[in-house]
Amino acid sequence: MTFSNPAGAAAAAAPTYVRALLDLLGRRDPIEVLGELLPWLSERIRGVNDSTLRRQEAPGKWSVIEVIQHLADSDLVFSYRLKMMLTEDRPPLQGYDQDRWAGELHYREVPLDLALDQLRSMRAVNLHLLRRLSPSQLERVGLHSERGPESAGFLLQLMGAHDLVHRRQIDRILSTVAGRG
């Protein structure tokens, strides 16, 4: 499946998108998957020049730097949602337009070190918290604006799968843009 989650169709496409994510994750431990991202990413981008990291896969598609900044912001959003779920009763979890964030927040112009620092920091904070959650905390529920009620454990599974989707995307982008000047 090609993973796409455009904001305009997010609510209608949510069941198919979520099922595809969960199928990709399979029986893997999402915390383990989340812990793999930074070493994996370091290996993939080692020696790749900045202009290649900023080159779009195709018109209207993201570059590697945009994916990295998206991952960092996804960890920011996940952290906020998780903390709200752990401290509030059935809090609202607002969806957001990832493509608009990428454009309006100028992801392609973000310095690589800054995006990586944000991702490292947010991921470390999130993993620290996730490794300490009890089964009852993972059952806490928030109300996602596009997908409805979701538990913290379910959100964790989606995050693990989300990493896998974007790892595939980064590999695809690098193989597509590597030969272009």
Which pairs do you get when a residue that is under 13 Å from residue 91 (Cβ atoms) and open to solvent by less than 20 Å² (accessible area, probe 1.4 Å), found in the stretch 136-152, comes within reach of a residue that is at pLDDT 95 or above and basic (Lys, Arg), reach meaning Cβ atoms under 7 angstrom, with the pair 6+ apart or on two chains? 142/81; 142/90; 152/140
Return the residue satisfying two criteria in turn: it lies in the stretch 38-60 and is touching a residue at least 24 places away in the same chain (Cβ under 8 Å) and not hydrophobic (A, V, I, L, M, F, W, C), and of such residues it is surrounded by the fewest Cβ atoms within 10 Å (Cβ to Cβ). 50
Looking at the stretch 92-117, which of its residues are part of a loop (DSSP other than H, G, I, E, B) and in contact (Cβ under 8 Å) with a residue 60 or more places away in the chain? 95, 96, 97
Name the pairs whose Cβ atoms lie under 6 Å apart, with the first residue in the stretch 158-181 and more than 13 Å from residue 75 (Cα to Cα), the second open to solvent by 30 Å² or more (accessible area, probe 1.4 Å) and in a loop (DSSP other than H, G, I, E, B), and 6 or more positions between them or separate chains? 165/3; 177/55
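The values are calculated or read from the model by the stated rules, or taken from the named source; none is laboratory data. Please read all numbers here as calculations on a predicted model, not as lab measurements. We place every Cβ from the backbone using ideal geometry, glycine too, and count neighbours over all the protein chains shown. Heads up: the accessible areas ignore ligands, DNA and RNA and are worked out on the full protein's heavy atoms, side chains in. Shrake-Rupley method; radii C 1.70, N 1.55, O 1.52, S 1.80 Å.
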